[in-house]
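Read through the structure below, which is laid out as structure tokens, and then see the notes.
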Amino acid sequence: MVTLLYIVGIILFLIGISISIALHELGHLTPAKRFGVKVTHYMVGFGPTLFSFRRGETEYGIKALPLGGFIAMPGMYPPIEATSRRVGDEPSSTPVAGEGPPHLGEGTPVPGEDAVRLGAGDGTPPTAEPRRRRAKRARLFEATMADARDYSNQEIAPGEEHRTFYALSVPKRLVVMFSGPFVNLVLGILIMAISLLGIGVMTPTTTVATVVECAVDASEAQTRPADERSTCQPGDELTPAWEAGIEPGDRITAVAGVTTEDWDELSTVIKEQAGKRVEVEYIRDGRSETASVPIIAHERQRSDERGRPLTNPDGTPQTVTEGFLGIGPVQERQPLPLDEFPGAVWEQVSGVFHAIITLPVKLVDIAEVATGAKERDAEGLVGMVGVGRVAGEIVSTDQLEIVDKTQLGLGMLGSLNIFLFAFNMIPLLPLDGGHIAVALYEGARRRINRLRGRGSVGPFDTAKLLPLTYVVIGLMLCMTALLVYVDLVKPITLDAIFRSAG
């Protein structure tokens, strides 16, 4: 049964990511068709096609590997004649899409070839061989770029040049390319809203869950054996709550005359009353009770915003002295206050962008994990295989309630969509951010050249960026392979994630 649930978890994850990818591509498809661009393919996934159908001029389908998706729009690589249009050219001189430059053959002269043949002496200057090699590389890149242009425009019939991607105005191109990542951002925020505002978050309340018997300063606790830190020793000071007879289930309503409606208010008041005797009002079994309690000054270990203990460089705990009552709160699932939701979204989005900025460092860490030089960090990079395994563990574990499993799954899917938004905004081809950067450059160049009355005003020749594009694709494939290997050999487990979260 556990195995079956594990498989169900992986399937649910694949369905979730496939829907996210499909909506991303739909974000590109909708404005493209709205602007009249001819879209020939809409595909979710890569590799062999599992299922497809044609509606109008577009083929819709699902491919075997749910690692991305694409829509095919002719004119992503404009023909060379279109890119050479300059200020003053008549609009009618715009070339027909698909008429790329001829391929360079045996007899086609290349830049620098005549200079090599006209050398002094025996006709073979010292630089002849390097120049020939450079000429061959030039022919290779020219042929590759020409093939890309031809392939990009092959499905545009005569008279349909206005329906190419490059024929769009710069603002419309920006809309088409940004709409895909924007859909992921919106989807991620909606999933966060369902999780945080709908299901809610575990929140400490003013109802007492535990009463601590003894107050032991953090520095003193550090000197004791680990198995004795949670038990009272002779001479330990009793906590005010224990001495006052406060019990689990009591709901504290006021401290020192200050009404306490939530745990943050209660905790703040107690910390401020160190060394003072105050009146504590609480409700027990429906009756109001009052106790006079001396709030003691207590040294405790400081924690970061995620609740993880902080230590000094020498390993000793960082401490702070504040008022201490000696109670622990009941945790209840409550909707996140609406005014706190934008902050939660910003924290998530900024955290993802920070992770992408530090991606090279994290990849080095993953490489060290792969070679055995470092242990796997539960807060480090994780690939699709790793996320799928965690999804399987979430569904199959018996340590979580259904609502907790649902919320964890939604959290993973929401984070993944925000990651898709942020990653696609990287200004490198073939990512959406690369096309956005090209469009912005083209628009700025066109405006400057028109003001100067000279220069190119045609679309930028994106085929010139193919070498860089291949490098980016190669790096992405290497990153994917590395993460798959580490996720299989040294996987991150759900227990490790819980321990890391504190």
### Task
Determine if region 341-353 includes at least one residue that is open to solvent by 50 Å² or more (accessible area, probe 1.4 Å) and more than 24 Å from I497 (Cβ to Cβ).
yes
### Query
Taking I327 and the conditions (1) in the same structural domain as T493 (by the TED database); (2) at negative phi, which numbered condition does it fall short on, given that it satisfies the others?
(1)
### Message
I'd like the full set of residues that are assigned to a helix (DSSP H, G or I) and free of Cβ contacts under 8 Å to residues at least 60 places away in the same chain, limited to region 356-372.
### Response
I357, L359, P360, V361, K362, V364, D365, E368
### Task
Might you check whether a residue that is more than 22 Å from G411 (Cβ to Cβ), open to solvent by 40 Å² or more (accessible area, probe 1.4 Å) and part of a loop (DSSP other than H, G, I, E, B) occurs anywhere in region 321-337?
no
### Query
Any chance region 177-200 includes a residue that's buried (at least 17 other Cβ atoms within 10 Å of the Cβ) and in a loop (DSSP other than H, G, I, E, B)?
no
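Surrounded by 13 or more Cβ atoms within 10 Å (Cβ to Cβ), at pLDDT below 90, farther than 29 Å from A254 by Cα and among the small types (G, A, S): is that true of A297 in this structure?
Working: surrounded by 13 or more Cβ atoms within 10 Å (Cβ to Cβ): yes; at pLDDT below 90: yes; farther than 29 Å from A254 by Cα: no; among the small types (G, A, S): yes.
Considered against the rule, which asks whether it is surrounded by 13 or more Cβ atoms within 10 Å (Cβ to Cβ), at pLDDT below 90, farther than 29 Å from A254 by Cα and among the small types (G, A, S), A297 comes out as no.
Do you know which of the residues in region 50-68 that are touching a helix residue (DSSP H, G or I) at 6+ places or on another chain (Cβ under 9 Å) and modelled with pLDDT of 90 or more is most open to solvent (accessible area, probe 1.4 Å)?
Step by step, filter region 50-68, then rank; the result is I62.
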### Query
Where residues in region 435-457 are within 15 Å of P171 (Cα to Cα) and among the small types (G, A, S), which of them is surrounded by the most Cβ atoms within 10 Å (Cβ to Cβ)?
A439
#### Entry: Lone unmet requirement of (1) among the polar types (S, T, N, Q); (2) surrounded by fewer than 17 Cβ atoms within 10 Å (Cβ to Cβ); (3) within 19 Å of V175 (Cβ to Cβ) for N424
(2)
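Please indicate, with yes or no, whether at least one residue in region 281-290 is of a type in the set (A, V, I, L, M, F, W, C) and touching a residue at least 40 places away in the same chain (Cβ under 8 Å). Before you say what the answer is, go through the steps one by one.
Narrowing region 281-290 to residues of a type in the set (A, V, I, L, M, F, W, C): 283.
From what's left, touching a residue at least 40 places away in the same chain (Cβ under 8 Å): none.
Among the residues of region 281-290, not one is of a type in the set (A, V, I, L, M, F, W, C) and touching a residue at least 40 places away in the same chain (Cβ under 8 Å), which makes the answer no.
Report yes if I246 is under 30 Å from A291 (Cβ atoms), part of a strand (DSSP E or B) and more than 27 Å from the chain's Cα centre (by Cα), otherwise no. Spell out the reasoning first.
Details: under 30 Å from A291 (Cβ atoms): yes; part of a strand (DSSP E or B): no; more than 27 Å from the chain's Cα centre (by Cα): yes.
In short, no.
Identify, from the list T205, T231, the residue that is in a strand (DSSP E or B), more than 30 Å from L420 (Cβ to Cβ) and open to solvent by less than 80 Å² (accessible area, probe 1.4 Å). Give the derivation first.
Working: T231 fails: in a strand (DSSP E or B).
Being in a strand (DSSP E or B), more than 30 Å from L420 (Cβ to Cβ) and open to solvent by less than 80 Å² (accessible area, probe 1.4 Å) holds for just one of T205, T231, which is T205.
Results for (1) modelled with pLDDT of 90 or more; (2) in contact with a Phe, Trp or Tyr (Cβ under 8 Å, 6 or more places away or on another chain); (3) open to solvent by 60 Å² or more (accessible area, probe 1.4 Å), shown as yes or no for each residue.
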{"site": "L5", "(1), (2), (3)": "no, no, no"}
{"site": "I10", "(1), (2), (3)": "no, no, no"}
{"site": "S20", "(1), (2), (3)": "yes, no, no"}
{"site": "T30", "(1), (2), (3)": "yes, no, yes"}
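So is V349 touching a residue at least 12 places away in the same chain (Cβ under 8 Å), of a type outside the set (K, R) and outside the structural domain of V403 (by the TED database) or not? Please lay out each step first, then the result.
Numbers: touching a residue at least 12 places away in the same chain (Cβ under 8 Å): yes; of a type outside the set (K, R): yes; outside the structural domain of V403 (by the TED database): no.
Criteria not met by V349.
The values are calculated or read from the model by the stated rules, or taken from the named source; none is laboratory data. As the structure is a prediction and not an experimental result, all values here were calculated from the model. In this analysis, Cβ positions are derived from the backbone assuming ideal geometry, glycine residues included, and neighbour counts consider all displayed protein chains. These area figures cover heavy atoms from the full protein model, side chains too; ligands, DNA and RNA do not enter into them. Shrake-Rupley method; radii C 1.70, N 1.55, O 1.52, S 1.80 Å.
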